[in-house]
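To start, the structure itself, in structure tokens.
Each value in this text was obtained by applying a stated rule to the coordinates, not by laboratory testing. Model, not experiment: these values are computed from the prediction. Don't worry about glycine lacking a Cβ; one is built from the backbone with ideal geometry, like all the others, and counts go over all protein chains shown.
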Amino acid sequence: MEDQKYSSGQLYALVALRLLVGWHFLYEGIVKLYNPTWTAKGYLLSASILKPIFGWLASGSMSSVVDVLNIGVLVVVGVSLLLGFKTKWASVIGMGLLALYYLAHPAFPGLPQGPSEGSYWIVNKNLIEIAALWVIMVFPTAWAFGLENLLSKKTEVSN
Amino acid sequence: MTNDNDNFMKWSRRDMLRGLAGIPILGSVWFAGARVTGNAKRERQLLLETLNIKASPPPPTGPMSGDPVRIGIVGFGIRGEQLCRALGYATTDWLKDMKESSEKNPNDSRLRDFLAQENLNIKINAVCDIFDYRAQRVVDSFTSDDNKVQRFLTYKELIHSKRVDAIVIATPDHWHAPIALEAIAAGVHVYIEKPMTHNVTETYTLREALQANPKVVFQLGHQHRQTQSFLTAQDIIAKKVLGHVSLITTNTNRNDDNGAWQYDIHPDASPKTIDWNQFIGNAPMEEFNLEHFFRWRKWWAYGSGLSGDLLSHDYDRLNCVLKMGIPDSVMTSGGIYTHRDGRNVPDVLQVNMEYQDFSTGTSQPEGKEKGMTFVYSATLGNQFDRPTYLMGHDGTMELGNAVTVYADARSSKYADLIKEKRIDPSEPIYVYDPSVNQTDAVTSATAKYFANKGLLYTYRDGKRVDPTFLHMREWLSCIRNGGTPSCGIKEGFEEAISSHMAGLSYKRGRRIQWDREAGKIIALPGEDLDAILTDTKPKV
């Protein structure tokens, strides 16, 4: 059993957060996976800052690698958070991917808002999801709800 | 010691629930995503199959092997310099400026793109420019150990020097035809800037000269014919996706000095450094003045205003897609409303070209639809972007670097699909985006956003390419390997006559008609069309 002791209300809230974020990642990944014409090229080419880096990622040879990695990370993070397995690692990787999304089109005053609904000043939904993953990382719940729950049982017994 | 089976037995039902409850969620999300995308894909596929539009690039033009083609440049102003770069020759000062610019801004890819351009195996070894400074720039920049550039004081000397196989003409409009005619008679290949001619008679003379010298390869500088999206647009028309197109609207919107031909005057320019008599040529003699020399596009005596300068581009863009040819009649109006600086060409112009019998096909009963109006609307006092639209009974095409097609809500062809809600008239049914090498039947707001950002250019094999380079390459390939350039004399004749009809209508304030059988613009008794067209007096 992990060290964390949450009240049941806290545990339910944290598990719900983990499942919702996992759901969102997985669905985004699957939709892209099953759509062969999808590419991140346009999003990267229209980056409002760090254009050389994003431009390089969108360049001919890199573009397809970036697309595969993008889909891979979305699916892996989604699966991990939903199943409750290695969620700490998944959170870190997910935060990294979202940080790239954010940096390509940051909601900084003076920059074009880019393709998004709603109105944002510095904080946008990518940034909020990064924070959500941060919470998921530092308040693990897979020991209580997820594959790690079974595995920890197995370890206890084996020992 | 316990084995795995024992471990399994230790898990309670509650443990199993807590451990594995994520799996059904995972399965549901995966299934939902795959199903939604699969359905959308199937719908898209069905639509694309129905539309059957091919966006494949044209076969590449032939090899550039063999001896280098020797080229002379006549006129090394703004456009002449650009054309030389498309041929692989940049001036020393341009290279220096671009190097500095790309060091300051790594996104500036102009130098990179230029250096990556294919070597066309040519030599620019002769120049004729009547302004000493410009001619000297060519000599200084393009001369190398194996290429000595010679300056000629007249175009005739250059053409007859035996140093050139081909020439590029980038002079003021009133010099286009005389120089081209001299070259054609001498068997020298010609790449000529638009508009092809400055008056009506020259247009016929040039056509006759090329008919008499069929070995001369002639290309008119409408480089957009190489743009991938226009080739796709041709296929959209051929597949009758739009139904009967009754109206085309195309526009020019510019709002800056450069766009209004108010070019810089070079400090070295003087009667000593410019051959003024040669500049005047067949235009009425004027006192030496720098305004006319550098800003010649503002006067009918040397240029052709919006109708020759910019309508010609838009006309040819559409003529390349529709092959509609010369209109039955043209009505033009306009005036000088935002640049009252002494110019006599209009800066606001509206041209309506009528095509009584033209049709792009119909989905309605035979005989119901026929005829089309081509509207060109231009201002040099506003730069709001107005796209080009081809408006048909079944659909609308927005034509630019990207091609977007919408079904019309009252279309006959798509009526069933619209009723079944498989087509939404407010969403594109087809988008061609040349930068990502993909076709997509249903686009998103995001894709629209990228298209509007102008990120979409002409690409070949995923590489960004300058259409002018492709256009000149095609010309050189025809010189080397045979073939017909995409903008030859037939296309040039149609471009020039249509532009001149627009100019004449503006000048006369009446409808100008084309006699299709006689192949002539109809003149009223006593009218000298050439004199009217190049008349330098302000419009009455």
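Compare the peptides B:171-182, B:14-25, A:141-152 by average per-residue count of other Cβ atoms within 10 angstrom and give them in order, highest first. Spell out each step's value before the answer.
Values: B:171-182: 23.3, B:14-25: 16.0, A:141-152: 21.7.
The most tightly packed comes first, giving B:171-182, A:141-152, B:14-25.
The packing ranking, built from the mean of other Cβ atoms within 10 Å per residue, places the peptides A:90-96, B:335-341 in the order A:90-96, B:335-341, highest first. Structure note, pairs B:K41/B:K323; B:K123/B:K298; B:K240/B:K419; B:K239/B:K413: Cα-Cα distances above 23 angstrom occur for B:K41/B:K323; B:K123/B:K298. Modelled this way, with points 7 Å down the Cα-to-C-beta line, the labels at B:T143 and B:L95 are 1.5 nm from one another. Per-residue mean of foreign Cβ neighbours for A:39-49 is 3 (Cβ atoms of other chains, 10 Å radius). Determine the percent antiparallel among the DSSP beta bridges restricted to segment B:69-224, to the nearest 5. DSSP beta bridges in segment B:69-224 are roughly 5 percent antiparallel. If the segment from B:Q278 to B:Q211 were pulled out straight at 0.36 nm per residue, it would be longer than the present Cα-Cα gap by 21.3 nm. Can you bin segment B:69-224 into rounded, prolate or oblate? Criterion: square roots of the alpha carbon gyration tensor eigenvalues sorted a ≥ b ≥ c, rounded for a/c under 1.5, prolate for a/b above b/c, oblate for the rest. Prolate, since a/c reaches 1.5 and a/b exceeds b/c. Here the spin labels are modelled as points 7 Å beyond Cα on the Cα-Cβ line, and at A:W56 and A:K88 they lie 3.2 nm apart.
Rounded to the nearest 20 Debye, what is the dipole magnitude of chain A about its Cα centre when Lys and Arg each give +1 and Asp and Glu each give -1 at the C-beta? List each step's numbers first, then the result.
Values: 10 positive and 8 negative charges, 21 e Å.
In total the dipole reaches around 100 debye.
The Cα center of segment B:91-164 and the Cα center of segment B:363-421 differ in position by 43 Å.
If the only charges are +1 at each Lys and Arg Cβ and -1 at each Asp and Glu Cβ, what is the size of the charge dipole of segment B:56-176 around the Cα centre, to the nearest 20 debye? Could you put the intermediate results ahead of the total?
On the way: 16 positive and 17 negative charges, 39 e Å.
Here segment B:56-176 has a charge dipole of around 180 debye.
Note on chain A: with a GNM built from Cα contacts shorter than 10 Å, the maximum mean-square fluctuation among A:P112, A:P52, A:P36 falls on A:P36. Exposure proxy shown here: for B:M196, B:M501, A:M62, the number of other Cβ atoms within 10 Å sets the order, fewest to most, as A:M62, B:M501, B:M196. Normalised by the number of residues in segment B:145-210, the mean separation of alpha-carbon contacts (under 8 Å, six or more apart) gives a relative contact order of 30 percent. Dipole of chain A computed with +1 at Lys/Arg Cβ and -1 at Asp/Glu Cβ about the Cα centre; of A:I30, A:L57, A:N70, farthest Cα towards the positive end is A:L57.
For the pair B:S161 and B:Y204, the difference between a 0.36 nm per residue extended length and the Cα-Cα distance amounts to 12.8 nm.
If the segment from B:N258 to B:K323 were pulled out straight at 0.36 nm per residue, it would be longer than the present Cα-Cα gap by 20.2 nm.
Placing unit charges on the Cβ atoms of the charged side chains and taking the dipole of chain B about its Cα centre, the candidate lying farthest along the positive direction among B:Q82, B:N213, B:Y432 is B:Y432.
In peptide A:23-32, what is the residue-averaged number of other protein chain Cβ atoms found within 10 Å of each Cβ? Working shown, then result.
Numbers: counts 5, 1, 1, 7, 5, 1, 3, 9, 6, 2.
Neighbouring Cβ atoms belonging to other protein chains average 4 per residue here.
Shown here is the pair-distance distribution of segment B:238-353: with all Cα-Cα distances grouped in 10 Å bins from zero up to the longest one, the shares run 11, 36, 28, 17, 7, 2, 0 percent. Oblate is the label for segment A:49-125, because a/c, from the alpha-carbon gyration tensor with a ≥ b ≥ c as root eigenvalues, is 1.5 or above and a/b does not exceed b/c. Cα centroids of segment A:1-57 and segment B:274-303: 65 Å apart. Counting Lys and Arg as +1 and Asp and Glu as -1 over every other residue whose Cβ lies under 13 Å from the Cβ of A:L74, the net charge comes to -2. Highest mean first, the peptides B:345-356, B:147-158, B:32-43 sorted by other C-beta atoms within 10 Å per residue fall in the order B:345-356, B:147-158, B:32-43.
Can you classify chain A as rounded, prolate or oblate using the Cα gyration tensor, where a ≥ b ≥ c are the square roots of its eigenvalues, rounded means a/c under 1.5, and otherwise it's prolate if a/b beats b/c and oblate if not?
Values: a/c = 2.75, a/b = 1.78, b/c = 1.55.
Prolate shape, in that a/c is at least 1.5 and a/b is the bigger ratio.
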